[in-house]
Amino acid sequence: MSPGEEKPAGRQARKQVLLRLDPQVYDALARWAGEELRSANAQIEFLLRRALAETGRLPSAPGPIPRRGRPPKASE
């Protein structure tokens, strides 16, 4: 997507966050993510959403977790 191009309707911009983790914590997280067929990033987002939901802090309408794989081709 070029800088001047608009995002598809309904898709929110994703925030990028630098996260520093202990290497052993990251290794355990990456193994867990692999067992559930997720990337480490997707596993972190999954766990954060679950923790927010369990404590009643999840926003009422969070965006969906992006699907794996290539995005669908835009109709021409």
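Screening the candidates 50, 70, 20 for the property of being modelled with pLDDT of 95 or more and among the basic types (Lys, Arg) yields one hit, 20. Listed by first and then second residue, the pairs linking a residue in the stretch 44-57 that is within 17 Å of residue 19 (Cα to Cα) to a residue that is among the β-branched types (Val, Ile, Thr) and outside any helix (DSSP H, G or I), with Cβ atoms under 8 Å apart and 6 or more places separating them unless they lie on different chains, are 45/65; 46/65; 49/65. Picking from residues in the stretch 18-30 that are surrounded by 12 or more Cβ atoms within 10 Å (Cβ to Cβ) and of a type outside the set (A, V, I, L, M, F, W, C), the one that is farthest from the chain's Cα centre (by Cα) is 27. Would you confirm, using the coordinates I've provided, whether residue 58 is in contact with a Leu (Cβ under 8 Å, 6 or more places away or on another chain), at pLDDT below 90 and surrounded by 10 or more Cβ atoms within 10 Å (Cβ to Cβ)? Here the answer is yes, as residue 58 does meet what is asked.
For the stretch 12-29, a tally of residues being assigned to a helix (DSSP H, G or I) and more than 30 Å from residue 61 (Cβ to Cβ) returns 6.
The values are calculated or read from the model by the stated rules, or taken from the named source; none is laboratory data. Just so we're clear, the structure is a prediction, and the values are computed from it rather than from any experiment. No Cβ is skipped: glycine too gets one built from the backbone with ideal geometry, and neighbour counts run over all protein chains shown.
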